[in-house]
Amino acid sequence: MEPSLIPNGKANLVIINSKISDEIRNNLKKYFKYIVYTCPNFDINTYLSYHVDMSIHPVEKNTLVVAPNVYTYYKKLESYGIKVIEGINRLRDKYPYDISYNCLDIGEYYLHNSNYTDKNIYEYYLKKGVNCIHIKQGYSKCSVLIVDANHFITSDKNMANQLNKIGKKVLLINQGFIELRGMNYGLIGGCGGNYSPNEILLTGSLSNHPDCQRIIKFITDAKVNIHYLSQNPISDIGSIYCFKVHE
C-alpha cells in the first residue's frame with residue numbers, strides 16, 4: 001500500500017486553501033482541470049480555518065473523512081467520483097481538540113495522536129487492516145511532507161524516528177523558516193502535495209530555507225520532480241490535496 005495522497009497518475013483535481021495568492025491560483029490552472037477551494041471551518045483557529053488538512057483526511061485515494069460542520073460543502077466532491085464520509089468529531093479551536101483529521105497516512109500505517117483521532121477514521125483503518133502508530137505530535141500531516149511512498153521530510157524528531165523505525169527514508173530539517181500567517185512559523189507538510197507518483201508541488205521557493213539544497217537533493221534523489229507554484233518563499237497553506245478523478 002502507498003499513501004492515499006499519492007494519486008494514480010497525474011492528478012486532475014485539487015483541494016486547496018481558498019486564501020492562496022493570485023500567483024498560486026493562476027499556476028494551479030496549468031496542472032488541474034478541477035480546482036476546489038476550501039470553505040472555512042469556523043470551529044478552529046482563524047489562521048488554520050481554511051487549511052484542507054485540518055478538516056479533511058483521505059483514508060483512500062478517492063475517499064475522504066470530513067469534519068461534520070463542513071461535510072455538506074465537500075459532499076459536492078461526490079460528483080467527481082470521490083466518496084465523502086462525515087466525521088464524528090466536531091473540532092474546537094484549541095489544541096489538541098483541533099487535530100482529529102490531521103493524520104498522516106503512509107500506506108501500511110497511519111501516524112497520529114490516537115487519543116484524538118476521529119472515530120470514523122479509526123474505524124475505517126481498523127477495517128482496512130491499517131494500524132496506527134501513536135505519537136504525541138497532533139499535527140501529523142502538517143509536520144511531514146510526503147515525497148513518495150518511501151521518502152519523507154519533517155522537522156519533528158519524533159516523527160522522523162518513528163518513520164525510520166519502519167524502514168522509511170527521512171530527511172530531518174531545521175524547524176521554522178516557513179511562513180504561516182498569524183503563527184510564528186509553519187510546517188513543511190503544509191507546503192506541498194503530490195501531483196503524481198513522481199511529481200510534487202510546492203507553494204513557493206526554498207531559497208530562504210537553510211536546508212534548501214538538502215531538501216532539493218533529497219527529493220530529486222528519490223527521482224521526484226519539483227514544481228514551484230510561486231516565486232515567493234515557501235509557505236504553509238494547509239497542504240495541497242491532489243486527486244485523479246474521472247473526466
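The values are calculated or read from the model by the stated rules, or taken from the named source; none is laboratory data. Treat the numbers as computed from the prediction; the structure is a model and nothing was measured. Positions of Cβ are generated from backbone atoms using ideal geometry, with glycine treated the same way; all protein chains shown enter the neighbour counts.
Given the criteria more than 25 Å from HIS151 (Cβ to Cβ) and free of Cβ contacts under 8 Å to residues at least 60 places away in the same chain, does SER49 qualify? Outline the logic, then answer.
Working: more than 25 Å from HIS151 (Cβ to Cβ): yes; free of Cβ contacts under 8 Å to residues at least 60 places away in the same chain: yes.
Here the answer is yes, as SER49 does meet what is asked.
Residue check, ARG181 against (1) surrounded by 17 or more Cβ atoms within 10 Å (Cβ to Cβ); (2) in contact with a Phe, Trp or Tyr (Cβ under 8 Å, 6 or more places away or on another chain); (3) among the charged types (D, E, K, R), all met but one. Which one? In the conditions (1) surrounded by 17 or more Cβ atoms within 10 Å (Cβ to Cβ); (2) in contact with a Phe, Trp or Tyr (Cβ under 8 Å, 6 or more places away or on another chain); (3) among the charged types (D, E, K, R), ARG181 misses (1) alone. Going through region 72-87 one residue at a time, which ones are without any contact (Cβ under 8 Å) to a residue 24 or more places away in the chain and either of a type in the set (Gly, Ala, Ser) or touching a Leu at 6+ places or on another chain (Cβ under 6 Å) (or both)? Within region 72-87, SER79, VAL84 qualify. Within region 94-109, track down each residue that is under 22 Å from ILE240 (Cα atoms) and either without any contact (Cβ under 8 Å) to a residue 24 or more places away in the chain or of a type in the set (Asp, Glu) (or both). Within region 94-109, ASP98, ASP105, GLU108 meet the criteria.
Cβ-Cβ distances below 6 Å connect the following pairs, each with a first residue in region 155-178 that is farther than 15 Å from ASP211 by Cα, a second residue that is surrounded by 14 or more Cβ atoms within 10 Å (Cβ to Cβ) and modelled with pLDDT under 95, and a separation of six or more residues or different chains: MET159/GLN137.
Out of TYR74, TYR50, TYR34, report the one residue that is hydroxyl-bearing (Ser, Thr, Tyr) and out of contact with any Cys (no Cβ under 9 Å at 6 or more places or on another chain). Reasoning before the result, please.
Values: TYR74 fails: out of contact with any Cys (no Cβ under 9 Å at 6 or more places or on another chain); TYR50 fails: out of contact with any Cys (no Cβ under 9 Å at 6 or more places or on another chain).
The conditions single out TYR34.
The number of residues in region 1-18 being over 10 Å from the mean Cα position of the chain (by Cα), of a type outside the set (Ser, Thr, Tyr) and assigned to a loop (DSSP other than H, G, I, E, B) comes to 11. Among the numbered conditions (1) of a type outside the set (S, T, N, Q); (2) within 16 Å of the chain's Cα centre (by Cα); (3) in a loop (DSSP other than H, G, I, E, B); (4) surrounded by fewer than 21 Cβ atoms within 10 Å (Cβ to Cβ), the only one that ASP98 does not meet is (4). Note on region 31-78: no enclosed strands (runs of 3 or more DSSP E) hold 3 or more residues that are more than 24 Å from THR203 (Cα to Cα) and touching a Pro at 6+ places or on another chain (Cβ under 6 Å). Return the only residue of SER239, SER207, SER230 being under 18 Å from HIS57 (Cβ atoms) and assigned to a loop (DSSP other than H, G, I, E, B). Going through SER239, SER207, SER230 in turn, just one is under 18 Å from HIS57 (Cβ atoms) and assigned to a loop (DSSP other than H, G, I, E, B): SER239. Among the criteria (1) within 18 Å of the chain's Cα centre (by Cα); (2) hydrophobic (A, V, I, L, M, F, W, C); (3) surrounded by fewer than 22 Cβ atoms within 10 Å (Cβ to Cβ), the one PHE42 does not fulfil is (1). Checking ASN161, ASN194 one by one, the residue that is part of a strand (DSSP E or B), polar (S, T, N, Q) and either buried (at least 17 other Cβ atoms within 10 Å of the Cβ) or at pLDDT 95 or above (or both) is ASN194 and no other.
Among the listed residues ASP156, ASP211, ASP221, ASP148, which satisfies the condition of being loosely packed, with under 15 Cβ neighbours inside 10 Å and either modelled with pLDDT of 95 or more or within 26 Å of LEU48 (Cβ to Cβ) (or both)?
Working: ASP156 fails: loosely packed, with under 15 Cβ neighbours inside 10 Å; ASP211 fails: loosely packed, with under 15 Cβ neighbours inside 10 Å; ASP148 fails: loosely packed, with under 15 Cβ neighbours inside 10 Å.
Going through ASP156, ASP211, ASP221, ASP148 in turn, the sole match is ASP221.
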